[in-house]
Amino acid sequence: METRVAIIGIIVENSESAAALNAVLHEYGAYIIGRMGIPYHTRGINIISVAVDAPQNVISAMSGKIGRLSGISAKTVYSNITGTA
């Protein structure tokens, strides 16, 4: 199965959605390479980057679920290099 490496950039503006976000990340945990979270107290937001290695449709589904959460924005950047799982 062909996979791609991607980074999902996430901005959390509504901390009440954090539990739902963590549930989505847990659901796709098998594909997550690493995750970094930065609380930005000055602006009252959290910035999260999630590195994944997964099939294109899995990355799209994960990013879409995250982006539909209230008060959360997500954008995905893909590597041009593909691999196999």
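Rule-based calculations on the coordinates, nothing more; no lab input. Note that the coordinates shown come from a computational prediction; the quantities given were computed from them, not determined experimentally. Reconstructed Cβ throughout: ideal geometry from the backbone, glycine too, with neighbour counts over all protein chains shown.
Couple of notes before you dig in:
- Among the residues of the stretch 1-26, just one is of a type in the set (S, T, N, Q) and closer than 15 Å to Ala61 by Cβ, namely Thr3.
- Candidate set from the stretch 27-43 (those that are over 11 Å from the mean Cα position of the chain (by Cα) and hydroxyl-bearing (Ser, Thr, Tyr)); member that is nearest to Ser60 (Cα to Cα): Tyr40
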